[in-house]
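So the structure is just underneath, and the comments pick up after that.
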Amino acid sequence: MTQPPPRILLVDDEESVQKLLTFPLRKDGYEVVGALDGPEALERLREDDIDLVVLDLMLPGVDGFEVCRQVRAKSSVPIIMLTARTEEIDKVLGLELGADDYITKPFSVREFRSRVKAVLRRAERTRAEEPGEEPLEDGDLRIDFDKRTVTLAGEPAGLTYVEFEILAALARNPGRVYNRMVLLERVWGDASYRDPRTVDVHIRHLREKLENDPKHPKLILTLRGVGYRYRDR
């Protein structure tokens, strides 16, 4: 049986942007569902099977942050956030709420297509992973790779999709140093068009959620000028 094409929900209140982005997505073989505001996007997600959400930040009524928060409360569907803002706080907040990636306007259609393909490829790879990997237990920390859950002293750590991917990559190879570019490749599938500092944001969030003293980490260590590693066990 032929696999149906991935279905992408495109959320943007500007019809010109809808047309600009819908054309290359359909040319790449994706099915595109449009939404012009937050409530319509949430309704679409309730009614349709969606494989990826492309979500504009500046929406009327219910903004992209709130849509992202509500989606993440119920679903792990990948989210790419579009923002015309350049402030780091907006990018950080979007990532903290669970966005998988973000693109700052203006951007090229080529970059957009690359990001979409990488996120969908990563999601497909995750679904295809074979179960059976033993959970990792390190003190109060427990990582269940099959269930994609992380607990600390028995309580859920509340990691986002990307935070889990970075932690899993590091924890599977304790002591091995990963530079930013390698982590970008491991987590996103490629490093094209991405600011390597994105990794730093996720590492900071991981430390805030897992470390007793995030400013003096014991689990996820920095090798200055090189990269990050999980402590030796």
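Over segment 151-233, what is the relative contact order in percent, taking alpha-carbon pairs closer than 8 angstrom and at least six residues apart?
Over segment 151-233, the number comes to 38 percent.
Averaging sequence separations of C-alpha pairs under 8 Å and six or more residues apart, then dividing by the length of the chain, give the relative contact order as a whole percent.
13 percent
Taking every pair of distinct Cα atoms and averaging 1/r, then inverting, what Kirkwood hydrodynamic radius in Å comes out for segment 7-128?
14.2 Å
On a straight-distance basis, which aspartates and glutamates could pair with LYS147 in a cross-link, Cα separation under 19 angstrom, same-chain partners fewer than 8 positions away excluded?
Of all the aspartates and glutamates, those that pass the test against LYS147 - Cα under 19 Å, at least 8 places apart if same chain - are ASP100, GLU124, GLU129, GLU130, GLU133, GLU134, GLU137, ASP138, GLU155, GLU163, GLU165.
Report P(r) for segment 136-230: all Cα-Cα distances, bin width 10 Å, range 0 to the bin holding the largest distance, values in whole percent.
Once binned at 10 Å, the Cα pair distances of segment 136-230 give 16, 54, 28, 3.
With r as the distance between the Cβ atoms of GLU111 and GLU14 and R0 = 22 Å, compute the FRET efficiency 1/(1 + (r/R0)^6) and round to 0.05.
Step by step, r from the Cβ atoms, then E = 0.75.
Can you give the extra length, in nm with one decimal, that the chain gains between GLU134 and GLU211 once fully stretched, where that is 0.36 nm per residue apart less the Cα-Cα distance? Before the final figure, lay out the partial values.
Numbers: separation 77, 0.36 × 77 = 27.72 nm, distance 2.27 nm.
Fully extending the segment from GLU134 to GLU211 adds 25.5 nm.
With percent of Cα pairs over 32 Å apart in mind, check (1) 17; (2) 24; (3) 21 and report the label derived from this structure.
(3)
Given Cα pairs under 8 Å that are at least 6 residues apart, what percent is the relative contact order of segment 7-128?
22 percent
Values quoted throughout were computed directly from the atomic coordinates according to the rules given, and no laboratory measurement underlies them. Bear in mind the structure is a predicted one, so any value in this text is a computation, not a measurement. Note that each Cβ is placed from the backbone with ideal geometry, even for glycine, and that neighbours are counted across all protein chains shown.
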